[in-house]
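The values are calculated or read from the model by the stated rules, or taken from the named source; none is laboratory data. All values reported here derive from a predicted model rather than from experimental measurement. Don't worry about glycine lacking a Cβ; one is built from the backbone with ideal geometry, like all the others, and counts go over all protein chains shown.
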Amino acid sequence: MADTDADPPETTTEIAPGVIQIDTLLGGWEQVTAGYLLTGDTPVLVETGSQTSVPALLAALGGLGVDAGELAGVAVTHIHLDHAGGVGDVARAFPSATVYVHAKGARHLVDPTRLIDSAARVYGPLLDSLYGRLDPTPAERVHVLEDGEELRVSARRVLTTVDSPGHAKHHLALHDSESGILFAGDAVGVRLPDAGVLRPSTPPPDFDLDQARHSLKRFAARRPAGLALAHYGLLEDPLAVLEEADATLRRWAEVAEAAWQKGEDIAAALDEAFGHDLVAVDDAHRTKLETLSGVHSNAAGFRRWLETRNASGEASPAADAQAAATTEATKPPDRTHRSGERTWPS
């Protein structure tokens, strides 16, 4: 955790004109969880971070001059607590803001009971000590995002959604028309500046290798100018990063499947194969990375995916032909949404 006697960290950075990166300071850790403010006529915040991050987030927004009536939208890439745990609190603090979320995550923001129960089983004591919980958001404040939908932030700035399952079935990315930055959530993986290693993020119960790789292909097809990760920050040379992410996913999946086929421990196999990547990383920084994308969590996701695939009789994990044959969803012709509007599907 952060040293409470140290000077408070600088939490906001302009990474492109009108794009402000906010360090949401999960657990007091710097450069672990990021939110992004898109400025314009109707400003939009991408990611709130966890509930425990809300004080740091609100302080940062206040420092940027975003008052209670100004923020028009809050978009989350998915509903995991380190991305969306603060939504209910932020919705209260900004009563004019519409909350944007994937269709498969919307009901959990309105009634988070099942999500919190599941998180409590996964995180144990860390749920309250590190992440916090999730307060409900009124249904009339929630807008379900479709693939290819556009959120207009200003006359020149539009955020286009990209349905991107794999890490989670309720995952979507947002591509900024003005800067070219694609806000990728966890779909590309985790790369913390203090560790410098790109790791996949493959938690149960939703991880699916074929979908995750297809989502990376969708990102590359959009030719983004940069990738903004929730964990953490802006990465340049995005096509090279996407190629690295795909290769890394394939290597981890191959090791996991080989261990699974032999009845061996997947986590031990992954640690043996990839643990050396962190040998030179300071223990404190390694702890951060392992908390977000630990071997055991990733192993559990691979195990669940392998068991599900085997039960359904699907093909091998490297289903490139199937992914390539998947037809890209066409962009809805009339889905532009001004970020101050509210709608909830029946």
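Looking only at residues in segment 80-107 that are surrounded by fewer than 24 Cβ atoms within 10 Å (Cβ to Cβ) and among the charged types (D, E, K, R), the one that is farthest from residue 54 (Cα to Cα) is 104. For segment 147-180, the set of residues classified as β-branched (Val, Ile, Thr) and assigned to a strand (DSSP E or B) consists of 158, 160, 161, 162, listed by residue number.
When residue 228 is tested against (1) part of a strand (DSSP E or B); (2) among the aliphatic types (A, V, I, L, M); (3) surrounded by fewer than 24 Cβ atoms within 10 Å (Cβ to Cβ), just one condition goes unmet, and that condition is (3). Quick check: is even one residue across segment 25-42 assigned to a loop (DSSP other than H, G, I, E, B), at pLDDT 95 or above, touching a Pro at 6+ places or on another chain (Cβ under 9 Å) and among the hydrophobic types (A, V, I, L, M, F, W, C)? For segment 25-42, residues assigned to a loop (DSSP other than H, G, I, E, B), at pLDDT 95 or above, touching a Pro at 6+ places or on another chain (Cβ under 9 Å) and among the hydrophobic types (A, V, I, L, M, F, W, C): present. Being in a loop (DSSP other than H, G, I, E, B), over 13 Å from the mean Cα position of the chain (by Cα) and acidic (Asp, Glu): is that true of residue 210 here? Against the criterion (in a loop (DSSP other than H, G, I, E, B), over 13 Å from the mean Cα position of the chain (by Cα) and acidic (Asp, Glu)), residue 210 does not qualify. Of the helices (runs of 4 or more DSSP H) lying entirely inside segment 233-319, the ones with 2 or more residues being of a type outside the set (Gly, Ala, Ser) and at pLDDT 95 or above are found at 238-261, 266-274, 295-312.
If you go through segment 46-65 and keep only what is assigned to a loop (DSSP other than H, G, I, E, B), free of Cβ contacts under 8 Å to residues at least 60 places away in the same chain and in contact with a helix residue (DSSP H, G or I) (Cβ under 9 Å, 6 or more places away or on another chain), you end up with 48, 49. When 164, 179, 201 are checked against the criterion of being modelled with pLDDT of 95 or more, surrounded by fewer than 24 Cβ atoms within 10 Å (Cβ to Cβ) and among the polar types (S, T, N, Q), a single residue qualifies: 179.
Under the condition of being more than 26 Å from residue 33 (Cβ to Cβ) and buried (at least 19 other Cβ atoms within 10 Å of the Cβ), the residues counted in segment 259-289 number 4.
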